[in-house]
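A.B. asks: This is the structure, below, for whatever I ask next.
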Amino acid sequence: MFDGIKILNALTDIEALKQNPLLYWQLHVPERTGAIESQTAEYANLRFIIKGNFVNVQGSLHKYANEGTHNYNDFGADQVAVTIAKLREQFGISENSLLNNVEFGVNVCTPFAPKKFLERLICHKGRPFIKIVDDGINYYQCQHEHFILKIYDKGTQYRQTENLLRFEVKVLKMQFLGTKGVSIKTLGDLTNPSNYERLGAILRAYFDEILFDEPEIAAKTLKQAQRELLDTGRNPKTWARPQREDFENGTHYERARKEQTRRLNKFIELLKNHPKSQHWQQIVSQLIAEKWAKLTGANCPKFTDLQNPKTTGQNEAIVPNLP
């Protein structure tokens, strides 16, 4: 469900945090000044940075809940609430601390090898997926201005026997969620069930917009026009969005944009309707919706419910598309 977070100005008692027995602080002292510039400490995949009167907290809530060891198991709304309460109890981090980044997504078990599925990636909204190797972990990401899509083989990462695929959205600017009808500003807002249905819709809609190849379709079996469409469509550069500054006037720009949209729709139709299509994307899309619904199901407590227990209502069904 929720994973990585970043808080640039956590609400906490700085002096108490410095004395916390769970944290070993490293001092950063530039030679030119001899004064302490910042202090850093790590615990269970969380990183704390004190600089002046600011406390920066970043890392994986999911791994923190598992003592920093992994994040391949299910991590639902109830575990999120317990983890945020634990963060307050262990380190005094208030649930009212403003979030600067947050990741949300799911791990799903696929009936095929995630590695083979990832080989089919083409692009999202005209932007290619880039393979990233970070600390020995391979994943694919597609970066936009306000968010990043990440998809990778979680099972291989943690040497699991099952086919485990991870898909997530990393929010780079929290205002982005507000434009999508999601009210998440603080750490405590992650426990508000009223946001969950909308987040699930965003997650699935972005996944459905990704362009995946159908490699079982052989170009040689197609007519000339379809063969050319298939060959060019499999190249991510084909779908790079036209830029207004590359055209001498608005009319030419709009014509190029509409022509690309027309060709994209024909390419998608070819992939979808060919008898050799395996429809793996549609299978994973349904798995994403089902897993999100499971993780955000009935009786998921808010942060405040941990102090004042009460029964919460059941969420409505996840909707597949954004309006």
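A.B. asks: Hey, if we sort Thr186, Thr251 by accessible area with the 1.4 Å probe, largest down, what's the order?
C.D. replies: Thr251, Thr186
A.B. asks: Keeping all protein chains in place and using 1.4 angstrom, which order do Cys109, Cys142 fall into by accessible surface area, from largest down?
C.D. replies: Cys109, Cys142
A.B. asks: With an 8 Å Cα cut-off and a minimum separation of 6 or more residues, compute the relative contact order for the stretch 1-145 in percent. Walk me through the numbers before you get to the answer.
C.D. replies: Details: 219 pairs, mean separation 39.5, N = 145.
Once divided by the residue count of the stretch 1-145, the mean separation gives 27 percent.
A.B. asks: So what is the relative contact order of the chain, in percent, for Cα pairs below 8 Å that sit 6 or more residues apart?
C.D. replies: Computed over the chain, the figure is 19 percent.
A.B. asks: Apply the membrane-span-like helix rule to the chain: whole DSSP H runs, Cα extent along the own long axis of at least 15 Å, mean Kyte-Doolittle hydropathy at least 1.0. List the helices found.
C.D. replies: none
A.B. asks: Is the shape of the stretch 159-269 rounded, prolate or oblate, going by the alpha carbon gyration tensor and its root eigenvalues a ≥ b ≥ c, with a/c under 1.5 for rounded and a/b larger than b/c for prolate?
C.D. replies: oblate
A.B. asks: I would also like to ask the following. Please report, for the Cα atoms of the chain, the Rg to one decimal and the Dmax as a whole number; what are they, in angstrom?
C.D. replies: For the chain, the Cα radius of gyration and maximum Cα-Cα distance read 22.6, 73 Å.
A.B. asks: Still on this structure, please answer the following. Under a GNM of the chain (C-alpha, springs under 10 Å), which listed residue has the highest mean-square fluctuation: Ala256, Ala293, Ala240?
C.D. replies: The residue with the greatest mean-square fluctuation here is Ala256.
A.B. asks: Can I ask one more? Using a/c under 1.5 as the rounded threshold, could you call the stretch 1-73 rounded, prolate or oblate? The axes a ≥ b ≥ c are square roots of the C-alpha gyration tensor eigenvalues, and prolate needs a/b larger than b/c, oblate otherwise.
C.D. replies: Prolate is the answer for the stretch 1-73, as a/c is 1.5 or above and a/b outweighs b/c.
A.B. asks: Here is a further query. Two decimals is fine: what is log10 I(q)/I(0) at q = 0.21 Å⁻¹ for the stretch 149-201, from a Debye sum with one equal scatterer on every Cα and no solvent?
C.D. replies: -0.82
A.B. asks: Could you tell me how far the Cα centroid of the stretch 53-130 sits from the Cα centroid of the stretch 1-27, in Å?
C.D. replies: So the two Cα centres are separated by 18 Å.
A.B. asks: Hey, how many Å between the Cα centroid of the stretch 223-269 and the Cα centroid of the stretch 160-181?
C.D. replies: Spelled out, the Cα-based centre of one part sits 28 Å from the other.
A.B. asks: Further question: Can you give me the three principal axis dimensions of the stretch 213-268 from its C-alpha atoms, in Å, biggest first?
C.D. replies: Rounded to whole Å, the extents work out to 40, 18, 14 Å.
A.B. asks: Taking the solvent-accessible surface of protein heavy atoms with a 1.4 Å probe, what is the per residue accessible area of the stretch 1-132 in Å²?
C.D. replies: It amounts to 47 Å² per residue over the stretch 1-132.
The values are calculated or read from the model by the stated rules, or taken from the named source; none is laboratory data. Since the structure is predicted, the reported quantities are computational estimates derived from the model, not experimental observations. Keep in mind that these areas ignore ligands, DNA and RNA; they rest on the heavy atoms of the full protein, side chains included. Shrake-Rupley method; radii C 1.70, N 1.55, O 1.52, S 1.80 Å.
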